[in-house]
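Visitor: Input: one structure, supplied below.
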Protein chains: 2
Amino acid sequence: VEFAQAKAISVAKDVKQLGKDDPRRVYHAMKVGVAITLVSLFYYFRPLYDGFGSSTIWAVMTVVVVFEFTVGGALYKCINRGCATFLGGALGVGVQHLTTLCGDTGRPIVLALFIFGFAAWATFLRFFPYLKARFDYGFTIFILTFTMVSVTGYRADEILSYAQTRLVTIVLGVALVMMISIFVYPVWAGEDLHSLIANNIAKLANYLEGFEGEYFQVPAEGCAEAHKADKPFLLAYKSVLNSKSSEESLATFARWEPFHGRFRLKHPWKLYLDVGVQARQVAYLIDALNGHLTQANVPLEFQSLIQEPCKKICSESSKALKALSCSIKDTTIDPLKKKKKERKMRLCFCS
Amino acid sequence: VEFAQAKAISVAKDVKQLGKDDPRRVYHAMKVGVAITLVSLFYYFRPLYDGFGSSTIWAVMTVVVVFEFTVGGALYKCINRGCATFLGGALGVGVQHLTTLCGDTGRPIVLALFIFGFAAWATFLRFFPYLKARFDYGFTIFILTFTMVSVTGYRADEILSYAQTRLVTIVLGVALVMMISIFVYPVWAGEDLHSLIANNIAKLANYLEGFEGEYFQVPAEGCAEAHKADKPFLLAYKSVLNSKSSEESLATFARWEPFHGRFRLKHPWKLYLDVGVQARQVAYLIDALNGHLTQANVPLEFQSLIQEPCKKICSESSKALKALSCSIKDTTIDPLKKKKKERKMRLCFCS
């Protein structure tokens with residue numbers, strides 16, 4: 001019993017910490033709860049339910065599946081789902097009408113051939129990186145709606161009204177999700193990307209600022225590890241090494257976001273990725289530099305020889321990176337910017 | 001017209017290239033097409049259709065949504081979907097019975113509270129990295145089924161048979177997808193991870209093998225860029241820098257895969273990730289090393305001073321890495337393994 005109690009307390013603590021780390025997670029969970037509850041109201045009020053009948057379920061489904069953490073993510077899924085449902089439904093109805101010309105025996109065969117063809121092609125096209133980044137979800141929904149409409153049409157006669165109801169209920173769900181995710185505590189992927197890039201560069205600057213002091217100190221035996229824990233800037237840069245995938249997914253989502261805050265509709269999100277690549281390049285160099293910290297047996301005369309220039313390079317590079325980070329944060333242009341790369345090159349060579 | 005023709009030809013070429021690069025993509029598209037066509041047969045044969053009626057649509061939906069490229073990915077979604085449907089359905093039926101005790105006015109309110117509570121909690125728990133990696137899809141399906149069963153129960157009386165039909169049709173779809181993805185041209189995530197790691201290390205080895213020749217050659221003016229294009233090994237290592245996310249998703253999927261080929265059920269996939277981290281560490285050093293290739297003005301006497309030891313370190317490190325790559329490929333243990341890291345350290349220091 002005691003063990004279970006301790007376990008429960010630790011889990012509760014973890015949950016609390018998860019919410020504390022980023023309170024937007026709690027808001028997001030609330031928003032999803034509210035959206036699903038709202039859409040399920042369709043079932044409780046008879047006038048609403050009578051309009052759509054059991055198709056109301058598509059609205060519920062849409063809300064559950066489409067609601068993503070960031071506004072961009074939600075819009076990506078919303079727009080994909082809406083358009084793909086329309087396209088798939090229209091094509092399904094068209095194919096259905098076409099197959100009625102084939103007679104009773106031929107009909108299921110032609111229908112099956114169409115389904116196979118569309119499903120296989122759409123699945124294959126998803127492998128294109130360009131299409132995958134933008135319309136992956138749309139392809140799934142396209143196959144789904146096309147198959148559903150065309151096979152349902154084989155059994156039920158009112159295929160047009162079926163396709164129509166599906167489209168309307170899905171658009172309803174999509175509209176609800178869009179409104180809630182944009183107007184209630186929005187989490188903008190663009191804003192996140194912006195500060196991620198700026199913070200990454202600031203982390204690199206902090207490392208360089210602290211490096212000189214770390215490298216040229218007289219090493220006290222035994223407490224090297226304790227040291228590292230005291231100085232988070234020595235480890236912070238490591239997250240820059242692996243930020244590629246989060247940067248890319250944020251940039252993909254940011255593209256779908258409307259005008260908000262400082263960001264216009266066609267904000268050049270792609271340039272953030274370029275800056276991210278450069279920052280990672282610097283982080284690789286810093287990682288190589290970091291290897292020197294743990295090396296013993298560096299002759300003292302060599303150390304004292306390089307101390308002066310090394311100090312200068314570190315502090316200047318760090319200043320340049322800091323200025324760069326600030327200018328990204330405030331979206332201003334800074335004359336120091338161009339000096340950055342040049343300095344990095346020298347730094348790399350010196351070490 | 002000519003422009004459109006040229007465009008069409010270029011797109012056709014891209015499509016062909018996409019299939020050629022990895023023919024498994026074509027097989028995958030075919031497999032999905034076959035699976036969807038098979039499951040839509042339920043609609044064409046009256047005896048099959050009479051069993052499930054319009055719920056047959058869940059089987060179609062399951063196949064479309066669940067069929068992933070790798071066996072592990074498909075199994076992850078299949079198992080998550082099956083279990084979450086069962087759990088969500090059972091809870092939905094339970095809550096439905098509970099709310100019948102609340103009287104006609106209280107019932108929708110209590111029901112809405114339950115839906116809000118479950119949806120918000122499940123959404124929040126998805127932020128736990130551990131749960132996200134293993135059960136993200138399951139959480140979505142859980143919310144979906146729970147909401148669907150409990151709201152449908154408010155309007156229809158045969159809620160138990162509704163939940164049951166949904167479960168059976170989904171299990172049917174899941175079983176079909178599992179069989180096809182395991183037995184017809186399977187794409188094992190584990191196998192892909194295995195060869196990805198081994199190839200990455202081989203790429204690093206190739207770079208080091210070629211580096212010495214590149215660095216100490218007499219630079220011919222103007223053709224430096226042309227050179228790079230001729231020598232793919234100088235660029236191949238760059239893909240190692242960014243392989244983290246694909247390694248991690250492959251390892252996540254590999255965990256779901258049954259016994260196949262050389263791999264047992266509990267193959268230590270986590271260790272591959274550790275090796276991947278080490279390989280990336282080496283790649284960072286190599287990237288720093290690569291910066292030296294483009295630097296001019298290195299004094300010739302310095303070059304000739306380091307040529308001999310540098311040559312030795314490069315060739316030895318390269319040999320060690322190659323041996324390591326082969327031993328991973330064949331899953332054998334090699335005595336050279338341990339020497340690798342030590343050599344890397346020296347290499348870093350020398351440059």
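Visitor: Would you tell me the mean number of C-beta atoms belonging to other protein chains that fall within 10 Å of each C-beta in A:144-151, as a whole number?
Guide: Working: counts 7, 1, 2, 10, 5, 0, 2, 11.
What the average comes to for A:144-151 is 5.
Visitor: Additional query: Can you show me the helix-derived [θ] at 222 nm for chain A, built from DSSP H runs with n ≥ 4 at -39,500 (n - 2.57) apiece and divided by the number of residues, rounded to the nearest 500.
Guide: -27000 deg cm²/dmol
Visitor: Can you give the translational diffusion coefficient of chain B in µm²/s, computed by Stokes-Einstein from the Kirkwood radius over Cα pairs at 20 °C and 1.002 mPa s?
Guide: Details: Rh = 24.9 Å.
Diffusion coefficient, whole number: 86 µm²/s.
Visitor: Using a Gaussian network model on chain B with a 10 Å cutoff between Cα atoms, which of B:Pro299, B:Pro309, B:Pro258 fluctuates the most?
Guide: B:Pro299
Visitor: Specify the residue with the greatest mean-square fluctuation among A:Gln96, A:Gln307, A:Gln17, computed from a Gaussian network of chain A linking alpha-carbon atoms under 10 Å apart.
Guide: A:Gln17
Visitor: Where a ≥ b ≥ c are the square roots of the eigenvalues of the C-alpha gyration tensor, would you call the range A:1-40 rounded, which needs a/c under 1.5, or, failing that, prolate if a/b is larger than b/c, or oblate?
Guide: On the way: a/c = 8.09, a/b = 1.98, b/c = 4.09.
Since a/c reaches 1.5 but b/c is at least a/b, the shape of the range A:1-40 is classed as oblate.
Visitor: While we're here: For peptide B:120-129, how many partner chain Cβ atoms fall within 10 Å of a residue's Cβ, on average?
Guide: On the way: counts 10, 3, 4, 12, 10, 3, 5, 10, 4, 1.
What the average comes to for B:120-129 is 6.
Visitor: Exceeding 21 Å between C-alpha atoms, which entries from my cross-link table qualify? They are A:Lys77/A:Lys266; A:Lys132/B:Lys238; B:Lys13/B:Lys238; B:Lys266/B:Lys329; B:Lys266/B:Lys319.
Guide: A:Lys132/B:Lys238; B:Lys13/B:Lys238; B:Lys266/B:Lys319
Visitor: Also, I was wondering about something else. Run the label-point distances for B:Ser246 please: 7 Å along Cα to Cβ, every other copy, nanometres, shortest first.
Guide: So the label point of B:Ser246 gives 2.2 nm to the other copies.
Visitor: How high is the relative contact order of chain A, given as a whole-number percent (alpha carbon pairs under 8 Å, six or more residues apart)?
Guide: This gives 20 percent for chain A.
Visitor: Rounded to the nearest 20 debye, what is the charge dipole size of the range A:251-319 about its Cα centre when +1 sits on each Lys and Arg Cβ and -1 on each Asp and Glu Cβ?
Guide: Around 560 debye, computed over the range A:251-319.
Visitor: Shifting gears a bit: Work out the FRET efficiency for B:Phe3 and A:Ala4 from their Cβ-Cβ distance, taking R0 = 56 Å, and round it to the nearest 0.05.
Guide: Numbers: r = 71 Å, r/R0 = 1.27.
In this case the efficiency is close to 0.20.
Visitor: Any chance you could check the Cα centroid distance between the range A:248-265 and the range A:23-83 for me, in angstrom?
Guide: Cα centres, the range A:248-265 to the range A:23-83: 22 Å.
Visitor: I've got another one for you. Which residue, B:Val184, B:Val282, B:Val171, has the most motion in a Gaussian network model of chain B that connects Cα atoms within less than 10 Å?
Guide: B:Val184
Visitor: Further question on the same structure: Between B:Val110 and the same site in the other copies, what are the distances in nm, shortest first, taking label points 7 Å from Cα along the C-beta direction?
Guide: 5.5
Visitor: Which longest uninterrupted range of chain B lacks any trypsin sites (Lys or Arg not before Pro) assigned by DSSP to a loop state (not H, G, I, E or B) and surrounded by at most 12 other Cβ atoms within 10 Å? Mind showing how you got there, number by number?
Guide: On the way: sites that count: B:Arg262, B:Arg264, B:Lys266.
The segment B:1-261 is the longest one with no such site.
Visitor: OK, next. Within chain A, which is the longest segment that contains none of the GluC sites (Glu not before Pro) sitting in a DSSP loop with at most 15 other Cβ atoms within 10 Å?
Guide: A:1-157
Visitor: While we're looking at this one, here's another question. Put +1 on the Cβ of every Lys and Arg and -1 on every Asp and Glu Cβ in the protein assembly as shown; which of A:Ala4, A:Leu172, B:Met30 then has its Cα farthest towards the positive end of the dipole?
Guide: So the residue we want is A:Ala4.
Visitor: Hey, another quick one. Relative to the other copies, what are the label-point distances for B:Phe45, with labels 7 Å from Cα along the C-beta vector, expressed in nm at one decimal and sorted shortest first?
Guide: Here the equivalent label points are 4.6 nm apart from this one.
Visitor: Let me ask another. Any chance you could run the full-extension gain for B:Phe259 through B:Asp50? It's 0.36 nm times the residue separation minus the Cα-Cα distance, nm to one decimal.
Guide: 71.5 nm
Visitor: Here is a follow-up. Once you put a point 7 Å from the Cα of B:Val11 and another 7 Å from the Cα of B:Glu301, both along the Cβ direction, what distance in nm separates them?
Guide: About 6.6 nm, to one decimal.
Every read-out reported here was derived from the displayed coordinates using simple, explicitly stated rules and does not represent laboratory data. All figures in this text were calculated on a predicted structure; none of them were measured in a lab. Cβ sites come from the backbone with ideal geometry, for glycine too, and all protein chains shown count toward neighbours.
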